[in-house]
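To start, the structure itself, in structure tokens.
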Amino acid sequence: MGRGVVPEAVVVNVDHCCGAGRVRGVMCFNCNSAIGKLGDDPDAVRRAAAYLEGTSWKPIRLAPGDCRLPS
């Protein structure tokens, strides 16, 4: 069984891969739910983190008055 990161005094949930049915570890309910709602997709988790860090919507300045959003 894998290991997870769980804050103290939090009820743990067993995290599993729905496709393979294997247990990955334990984590709190909120983290387990978030990963599931993101479809167990690492790229979706990375995009969510970039959004929270504010990097996904920061325009890149190409020239004065000419910007584009990161891809």
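Going through (1) part of a loop (DSSP other than H, G, I, E, B); (2) over 10 Å from the mean Cα position of the chain (by Cα); (3) at pLDDT 85 or above one by one, residue 40 falls short only on (2). Residues in region 43-66 that are open to solvent by 60 Å² or more (accessible area, probe 1.4 Å) and in contact (Cβ under 8 Å) with a residue 12 or more places away in the chain were compared, and the one that is nearest to the chain's Cα centre (by Cα) is 55.
The values are calculated or read from the model by the stated rules, or taken from the named source; none is laboratory data. This is a predicted model, so every value here is computed, not measured. Glycine also receives a Cβ, built like all others from the backbone with ideal geometry; neighbour counts cover every protein chain displayed. Protein only, heavy atoms only, side chains kept; ligands, DNA and RNA dropped before computing areas. Shrake-Rupley method; radii C 1.70, N 1.55, O 1.52, S 1.80 Å.
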